[in-house]
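Accompanying notes for the structure given below.
The values are calculated or read from the model by the stated rules, or taken from the named source; none is laboratory data. All values reported here derive from a predicted model rather than from experimental measurement. Every residue, glycine among them, receives a Cβ derived from its backbone with ideal geometry; neighbour counts consider all protein chains shown.
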Amino acid sequence: MANLVARTASNAALFDSGVEEVLERFVVSFGSEIHLSVEQAGYNTDARFVRLWGYDTPEVWHASDARDYDNDVLEDYPDDVFEEFLEELGRHLLPGGTFIVQCVGGEKCRFPLVAYQWEVTKNIGGGANVKFTAFDCKMA
């Protein structure tokens, strides 16, 4: 069976400076080609732009589980906690903000393609919601 060839991208959402603490507790793209960037939003603000992009599906682990893994032995990998990571990030979204991550791919450009979207919003109480949507093209 061929491997999924995917592309991932997100919008550049604004987060408070507490997002830095979240990023210290998780490892993003351990063994994949996913990148995460955090940039200060301006000179007189603590807000940060966060972007996620790359040439793979997003994978995230707890930093406490991080070690050198053999990429060929997938059963040795710790559990992927991508949605937990997004919930933690969502608690630091600025009011009214939405963080959207999309991933599209297929088996070596063969039909059908699959697409995923995670939409992260902040609750009034300070928590976060992660809405997952999947599109899987079915053959007729």
Fill in: Options Glu83, Glu39: the member that is out of contact with any Cys (no Cβ under 6 Å at 6 or more places or on another chain), modelled with pLDDT of 85 or more, assigned to a strand (DSSP E or B) and acidic (Asp, Glu)
Glu39
Discussion item. Suppose the filter is farther than 20 Å from Glu20 by Cβ and at pLDDT 85 or above; does Glu119 pass it?
Written reply: yes
Worksheet item: Just a yes or no: is a residue in segment 14-26 surrounded by 15 or more Cβ atoms within 10 Å (Cβ to Cβ), touching a Phe, Trp or Tyr at 6+ places or on another chain (Cβ under 7 Å), within 17 Å of Ala128 (Cβ to Cβ) and at pLDDT 85 or above?
Response: yes
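Determine which member of the set Val130, Val60, Val50 is under 21 Å from Arg7 (Cβ atoms), at pLDDT below 85, within 15 Å of the chain's Cα centre (by Cα) and of a type in the set (A, V, I, L, M). So that I can check it myself, show each step before the final result.
Numbers: Val130 fails: at pLDDT below 85; Val50 fails: at pLDDT below 85.
One residue alone meets the criteria, Val60.
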Fill in: Failed condition for Gly96, given (1) at pLDDT 80 or above; (2) not in a loop (DSSP other than H, G, I, E, B)
(2)
